[in-house]
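First up is the structure itself, then whatever we jot down about it.
The values are calculated or read from the model by the stated rules, or taken from the named source; none is laboratory data. On a predicted model such as this, the values are computed, not experimentally measured, just so you know. Using ideal geometry, Cβ is built from the backbone for each residue, glycine included, and neighbour counts are taken over all protein chains shown. All accessible areas refer to the heavy atoms of the entire protein, side chains included, with ligands and DNA or RNA removed. Shrake-Rupley method; radii C 1.70, N 1.55, O 1.52, S 1.80 Å.
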Amino acid sequence: MGRESVRAAVVQMDVILGDLAGNHARALERLEAAAENGAEFIVFPECANSGYCFDSIEEAHPFAEPADGAALARFSQRCGELGVTGILGFLERDGGEVYNSAALAVPGKAPAVYRKTHLPTLGIDRFVNKGARLPVFEAPFGRVGILICYDVRFPEAARSIGLGGADVIAVPTNWPVGAESAPEFITRSRAWESRAYLTAANRVGVERGRRFIGRSQIASPGGEILCEAGGVEETILYADLDLSQARQKAIVHEPGEWELDITNDRRPELYGVLTR
């Protein structure tokens, strides 16, 4: 079942397109800063190692890295040394295929990888391969699911992770101008629907003329925004998560008089259209 609480952090940072070494060094600096402030679970943005606005798969390919490559090994090693769990967005190269992925680094284990399953017509997502799974991972404090950016707009994806037992849904993201609906209401809706915490780490800055809106967030299982960053500054947000709230799926306002259980009150036999 895991622990009853964890101190979470989301890192809002700028990313320089194609600067693998510099981006990774800055991520490690922020990992250490968050750990020094007591964070045990630390989430970074989508494509934090590489940047996002590539114009072709050929251009992006030199900046894609294997899951067992040196960069993720360093990230995983540092997470182990600091005793923290980290999630880092990166472009993953697997043979001739490239994925928009996020690595989950847990102390004492090789990194686990989630591949973005829903791809918009935007940036590198125009050219990469789709992931094929919505896994839930074990972390020292509990269970974690990952959705990357556009994934969070699909309630079915978050619901699947919630039904898989996730205490926390981590969202490494690159929300640009035009994606304001995500921090305005989608994040809190997904947290409420799944009765899970949601930790969204967005980036800031401008890349090839496209500005990113920041507004990284941590939302509670009740749909409240516990903390939110501004739109332009690099920062780290922190929140102490009471995981017992994420493990209590029923909402009891008045015992026997007003109760909601959005897990056990589902009617899956009615939802076949969702899988067509």
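Let's see if you can work this out: charge +1 on each Lys and Arg Cβ, -1 on each Asp and Glu Cβ, no other charges. What is the dipole magnitude of the chain about its Cα centre, in debye to the nearest 20?
Working: 29 positive and 38 negative charges, 103 e Å.
In debye, rounded to 20, the chain gives about 500.
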>> With a cap of 14 neighbouring Cβ atoms within 10 Å, and only residues DSSP puts in a loop, list the trypsin sites (Lys or Arg not before Pro) found in segment 56-145.
In response: Lys130, Arg133
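Could you tell me the relative contact order of the chain? Use alpha-carbon pairs under 8 Å, at least six residues apart, and round to a whole percent.
On the way: 662 pairs, mean separation 54.4, N = 276.
Computed over the chain, the figure is 20 percent.
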> Using unit Cβ charges (K, R positive; D, E negative) and no other charged atoms, how large, in debye to the nearest 20, is the dipole of segment 167-212 about its Cα centre?
Replying inline: 160 debye
> Accessible surface of Ser244 in the full protein assembly, 1.4 angstrom probe, to the nearest 10 Å²?
Replying inline: 50 Å²
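Under 13 Å from the Cβ of Asn264, count the other residues' Cβ atoms, weight Lys and Arg +1, Asp and Glu -1, and hand me the total. Working shown, then result.
Details: positive: Arg195, Lys249, Arg266, Arg267; negative: Glu259, Asp261, Asp265.
Net of charged neighbours comes to +1.
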> Along the Cα-to-Cβ line of Arg210, 7 Å from the Cα, sits a label point; which residues in segment 32-55 have backbone N less than 16 Å from it?
Replying inline: 45-55
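For a quick check of your reading of the filter: which GluC sites (Glu not before Pro) in segment 7-107 sit in a DSSP loop and have no more than 16 other Cβ atoms within 10 Å? Mind dumping the intermediate values first?
Values: sites: Glu29, Glu32, Glu36, Glu40, Glu46, Glu58, Glu59, Glu81, Glu92, Glu97; in loops: Glu40, Glu46.
Here no loop site has a sparse enough neighbourhood.
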> Largest first, what is the accessible-area ranking of Val252, Val11 with a 1.4 Å probe?
Replying inline: Val252, Val11
>> Spelling out what I want: for every residue of segment 44-58, take phi, set θ = phi - 60°, compute 6.51 cos²θ - 1.76 cosθ + 1.60 (Karplus), and round to whole Hz; glycine and proline get x.
In response: 10, x, 4, 6, 5, 7, 10, x, 10, 8, 7, 9, 6, 5, 5
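Across segment 41-200, how large is the tail of the calculated P(r) beyond 19 Å, expressed as a percent of all Cα pairs? Walk me through the numbers on the way to the answer.
Values: 6479 of 12720 pairs.
That fraction is 51 percent.
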> Tell me, what ³J(HN,Hα) does each residue in segment 254-261 have, in order and in whole Hz, if you take phi through Karplus 6.51 cos²θ - 1.76 cosθ + 1.60 with θ = phi - 60° and put x for Gly and Pro?
Replying inline: 9, x, x, 10, 8, 9, 10, 9
> Using a simple spin-label model with points 7 Å from Cα along the Cα→Cβ vector, what separation in nm is obtained for Glu36 and Arg153?
Replying inline: 3.8 nm
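How do Asp14, Asp151 rank by accessible surface area computed with a 1.4 Å probe, from largest to smallest?
Numbers: Asp14 45, Asp151 0 Å².
Result, largest first: Asp14, Asp151.
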>> What does the extension gain come out to for Glu81 and Phe185, with contour length at 0.36 nm per residue minus their alpha carbon separation?
In response: 33.8 nm
>> Tell me the mean residue ellipticity at 222 nm calculated for the chain from its helices only (DSSP H runs of n ≥ 4, each -39500 (n - 2.57), averaged over every residue, nearest 500).
In response: -6000 deg cm²/dmol
